[in-house]
Structure formats: structure tokens, C-alpha cells
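The values are calculated or read from the model by the stated rules, or taken from the named source; none is laboratory data. Quick caveat, the model's predicted, so the values are computed rather than measured. Here Cβ is always computed from backbone atoms with ideal geometry, including for glycine, and neighbour counts include all displayed protein chains. Note: areas computed on protein heavy atoms with side chains; ligands, DNA, RNA excluded. Shrake-Rupley method; radii C 1.70, N 1.55, O 1.52, S 1.80 Å.
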Amino acid sequence: MVRSVSIAGRGSDVKEADIGIDQISEAMIRRLVDEFYIKVRADPELAPIFEHAIAGDWEPHLAKMRDFWSSVMLTTGRYKGNPVITHLRVEGMEARLFGRWLELFAETCRALFDDRLAEAFCVKAARIAESLKLALFYRPSRPPSRTIS
Ligand code: HEM
């Protein structure tokens with residue numbers, strides 16, 4: 001297939017790699033999402049945040065996350081949502097937790113996929129995490145206002 005997923009690194013260290021889109025299936029995404037949230041639900045720091053926000057019925061969240069990863073990796077456009085607004089409302093959200101989230105995500109990808117594919121998912125996740133973190137936690141200090149007399 002000609003279409004490919006282009007992945008880019010963070011900051012100025014931008015690299016492009018082509019992962020054939022036909023190497024990724026909806027079934028793989030489903031497996032990734034299922035396994036990742038099993039890990040999240042067993043993590044002492046992340047679990048309480050998710051259990052509180054999701055309060056019982058995990059299926060709608062898992063379905064949304066399948067759509068999200070399908071949109072990110074396969075450009076299906078299935079995910080319709082605003083992660084920044086959602087995360088702004090998540091109680092207990094802290095910038096330092098992104099490291100743990102990414103660690104569990106990488107562990108899951110490496111257990112399920114070959115190195116190149118795992119890397120493609122992880123690079124995307126890291127970029128999205130970075131932009132989410134900036135949107136949620138970066139508050140540029142305002143320059144002192146100049147008074148004109
Ligand atoms: C500190 C790390 C993170 C925490 C604690 C966290 C927590 C959560 C929680 C609790 C929800 C469910 C909110 C609700 O339904 O009310 C959620 C939704 C979501 N998260 Fe995260 N998240 C984190 C990082 C990420 C990252 C790095 C990504 C993407 C790579 C991501 C993508 C999403 C998406 C797409 C949703 C669904 C948003 C929607 O409702 O449309 N999250 N997250």
C-alpha cells in the first residue's frame with residue numbers, strides 16, 4: 001500500500017520513518033488499548049485517577065481510545081473529541097505522571113509489536129503527551145507591562 005504513517009521525533013530532532021499503514025490493523029489497536037489499560041488499572045498512581053474519572057463502566061473509554069489510536073495511526077478520523085478539554089477536567093492530573101503513562105504505553109507496545117512498529121506508536125504518544133503537557137501546565141510568565149507616561 002502506498003499510504004504510510006509518518007512519524008516525527010520531538011523538538012528539533014525530527015525524523016521521518018515510514019511504517020506501512022497495512023502493518024497496523026484495528027485488531028492490533030484493540031489489543032494495545034486493552035493491554036495498556038490493564039496496566040494502567042494496576043498502577044498505584046494512575047489507577048485512582050482513571051477509576052475516579054471513569055467510575056465503573058470502562059467500555060466507553062476503551063472504545064474512545066480505539067477510535068483515537070485508529071485516527072492517529074491510520075488517519076481514519078474516527079475520534080471526535082478534544083483531549084485538552086477532557087484532561088483539564090481530570091482530577092489529580094499532574095505533569096510528572098506523563099512519564100509513567102508513557103512508560104506503561106511503551107512496555108505494552110514492545111510486548112505486542114516488533115521494534116519498528118512499537119517505536120512508531122511510542123513516538124506519536126510522546127509527541128501528543130508533550131503537547132498535552134504544554135497545553136495543560138505551561139503558563140508563560142507575563143512580561144511586565146510597560147506603562148507609557
Ligand atoms: C498523566 C497522564 C495521563 C492521565 C492521568 C490521563 C488520564 C485520562 C483520563 C482519566 C481520561 C478519562 C476522562 C473522562 O472520560 O472523563 C482520559 C481520556 C483520554 N486520554 Fe488521557 N491521560 C493521560 C495522558 C494521555 C496521553 C499521553 C494521551 C495521548 C497520547 C491521552 C489520550 C486520551 C484521550 C484521547 C482521552 C479521551 C478524551 C475524550 O474524552 O475525548 N491521555 N485520560
| task | Report the label-to-label distance for residue 35 and residue 111 in nanometres (one decimal), using points 7 Å from each Cα along the Cα→Cβ vector. | result | 0.7
| request: Work out the FRET efficiency for residue 80 and residue 141 from their Cβ-Cβ distance, taking R0 = 25 Å, and round it to the nearest 0.05. | output: 0.10
| query | Roughly how big is region 32-76's charge dipole about its Cα centre, with Cβ charges of +1 (Lys, Arg) and -1 (Asp, Glu), in debye to the nearest 20? | reply | 120
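Hey, can you find the accessible area per residue of region 48-112 for me, probe 1.4 Å, expressed in square angstrom?
Details: 3740 Å² over 65 residues.
Using a 1.4 Å probe on heavy atoms only, each residue of region 48-112 averages 57 Å².
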| Two-site label geometry, residue 21 and residue 102: point separation in nm, points 7 Å out along Cα→Cβ | 2.7
| request: Give a residue-ordered list of calculated ³J(HN,Hα) values for region 126-133 (Karplus: 6.51 cos²θ - 1.76 cosθ + 1.60, θ = phi - 60°; whole Hz; x for Gly, Pro). | output: 5, 5, 5, 4, 4, 6, 5, 4
| field | Zone of residue 94's modelled label, taken as backbone nitrogen in region 21-47 under 12 Å from a point 7 Å along Cα→Cβ | value | 45-46
